[in-house]
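Visitor: Dropping the structure in here first, questions after.
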Amino acid sequence: MRISFDEACRRLKVGDVVGIPTETVYGLAAALNQEAAIEKIFSLKGRPPKNPLIIHLPHPNDLHHFASELTYDVEKLAKAFWPGPLTLVFPIDKQTIPERARAGLPTAAFRIPNHPLTLKVLESTGPLVMPSANLSGRPSATNPEHVETDFGLDFPVLDGGTCKHGLESTILYFAEDHWQIIRLGAIPAESFEPILGYLPDVSINGSTTPLCPGQLYKHYSPKARLILNKNAVNSSEIVIGFSNRTYPLAKRVFVLGHSSSPEQAAANLYSVLRQLDSEGIEEANIDIVIPQNGLWNTILERLSKAAASHK
Ligand code: TXA
Ligand code: MG
C-alpha cells in the first residue's frame, strides 16, 4: 500500500514499521527510539536476533550523540562518501542505542543515505534503523512492488521509485588502527584508497564469527537454483546474461544490461532474481564472464552467495 510522505513520517513517529526507499535498496524502517517497532522488524523479516541493524541518520553531526569520541578517519570518510552508499561500523556509547538494534554488540553501524525523500523523512523523524526490505535470505527490494511481494499489498510503503544502485551499501569496520571491508557493496573497494591512503582489506568469508554477523546467513537467494556458468553463451537452458552477447541455444534470456556497465547489472540484478521466482523458474545459468574488479566484484559476490545456498 503506497502511503504519502506525511503518513510515512506520522507512522514512524508512533512506532509503525514502514517501507522506505534509499539509493541502494528499499529499507524496512523503524524509529530508533521505538523498541517495539524494532522488535517488529525482526519478526516481519524472520531475521535472526544476532544480526544487528544499520542506523540511518540525516546528518553526520548526529554521530556525536552515539560516540563521545569519533573513531579515526570517520570524519574523512563521511566527508568523502556521505550522503551515500557507505556504512561505517565503530565502537559506540552503548546506552545510546537499544541493545536489540545492535544485537548486543559494543559497536554500531551508521549510514546517511543519498536519496532526497529518505533524507526528508530522516529530518522529520530522526534516526531510523533500516535493514533491507526483504524477507530474510531473499533478494533485496529495489522498487515498491518488491516490498509488497514480500510483506503484502497492505504493507505501507513510501514510493521513491526504483533504487539507483540496486546493491546494498559497502560496510567498513574499524579494527585496531585500520578500516576493513566487511561487506562489499555499491562503492567499490578501490574507491577508498585515495581517501584512507591504503586499500582496505576485504574480510567477508571464512570465519564462523565474521565481523559482519549478516554474512553468516543465507542471502540474496531466489527460490530458483542459480548456476554460475563461464560457458553460458553455449547453454541450452535459461540464461541470465548481457544485452550485447548472444545466447543462440538458450531457452530464454534475462538481461542484466550491457557487459561494459556494472552499474546497469547492479541496478537490475535483484529484479531479475525476483522475476525468476515470480515466473516459477527452477534453474538459471548466469553468464559470469565479467571482470574481477570494482563493482563487478560486488556483483560476483552477491551471485556466489545467491547460488551457494542451493548447493
Ligand atoms: O544499503 C544498505 O545498507 C541497506 C539500506 C536499506 O540502507 N541496508 C541493509 O541493511 O543492507 P541489512 O540489515 O540488510 O544489512 C546490514 C548488515 C548486516 O549484515 C549486519 O550484520 C551488518 O550490516 N551490521 C550491522 N551492525 C553491525 C555491527 N555493529 N557490526 C558488524 N556488522 C553490522
Ligand atoms: Mg539485507
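We did not get these values from a lab; they are worked out from the coordinates using the rules stated. It should be emphasised that the depicted structure is a prediction, and the values quoted were computed from it without experimental measurement. Here the Cβ is made from the backbone with ideal geometry for all residues, glycine too, and neighbour counts use every protein chain on show.
Visitor: Starting at the first residue of the range 143-160, write each ³J(HN,Hα) from the Karplus equation 6.51 cos²θ - 1.76 cosθ + 1.60 with θ = phi - 60°, in whole Hz, x for Gly and Pro.
Guide: 8, x, 4, 4, 5, 5, 4, 7, 10, x, 5, 8, 6, x, 10, 8, 7, x
Visitor: Next question, about the same structure. Work out, step by step, the length gained on full extension between Lys79 and Glu145: first 0.36 nm times the residue separation, then minus their alpha carbon distance; give nm to one decimal.
Guide: Length gained between Lys79 and Glu145: 20.4 nm.
Visitor: Still on this model: Restricting attention to the range 32-140, which GluC sites (Glu not before Pro) occupy a DSSP loop and are surrounded by at most 16 other Cβ atoms within 10 Å?
Guide: Taking the range 32-140 and a limit of 16 other Cβ atoms within 10 Å, the loop GluC sites (Glu not before Pro) found are Glu69, Glu99.
Visitor: For the range 167-305, report the translational diffusion coefficient in µm²/s to the nearest whole number, using Stokes-Einstein at 20 °C, 1.002 mPa s, and a Kirkwood Rh over Cα pairs. Intermediate results must be reported in sequence, preceding the final value.
Guide: Working: Rh = 16.2 Å.
D, rounded to a whole number, is 133 µm²/s.
Visitor: Strictly over 19 Å apart at the Cα level, which of Lys223/Lys305; Lys13/Lys40; Lys45/Lys223; Lys218/Lys305; Lys45/Lys218 would you flag in this model?
Guide: none
Visitor: Please say if the range 173-250 is rounded, prolate or oblate, where rounded means a/c under 1.5 for a ≥ b ≥ c the square roots of the C-alpha gyration tensor eigenvalues, and otherwise the choice is prolate for a/b larger than b/c and oblate otherwise?
Guide: Judged from the Cα gyration tensor, the range 173-250 comes out oblate (a/c at least 1.5, b/c at or above a/b).
Visitor: To continue, here is another question. Once you keep just the Cα pairs under 8 angstrom separated by 6 or more residues, what percentage relative contact order results for the chain? Could you put the intermediate results ahead of the total?
Guide: Numbers: 681 pairs, mean separation 57.9, N = 311.
About 19 percent, as a whole number.
Visitor: Using modelled amide H (1.01 Å from N, peptide plane; none on Pro or chain starts), what sits under 5 Å from the amide H of Glu237, excluding residues fewer than 5 places away?
Guide: Answer set, sorted by chain and number: Lys251.
Visitor: Also, quick follow-up: Could you list the residues of the range 235-258 with an amide nitrogen less than 13 Å from a label point located 7 Å from the Cα of Glu279 in the Cα-to-C-beta direction?
Guide: Of the residues in the range 235-258, 237-241, 250-256 have backbone N under 13 Å from the label point off Glu279.
Visitor: What 222 nm value per residue comes from the helices of the chain, counting each DSSP H run with n ≥ 4 as -39,500 (n - 2.57) and dividing by all residues, nearest 500 deg cm²/dmol?
Guide: After summing the helix terms and dividing by the residues of the chain, the value is -8000 deg cm²/dmol.
Visitor: Moving to a separate point now. Give the relative contact order (percent, whole number) for the range 151-290; include only Cα pairs under 8 Å separated by 6+ residues.
Guide: Value for the range 151-290: 21 percent.
Visitor: Can you list the residues, at least 5 places off or on another chain, whose amide H is less than 5 Å from the amide H of Ile286, using H built in the peptide plane?
Guide: Ile227, Leu228, Asn229, Ile240
Visitor: Principal axis extents for the chain, Cα atoms only, whole Å, descending order, please.
Guide: 60, 47, 34
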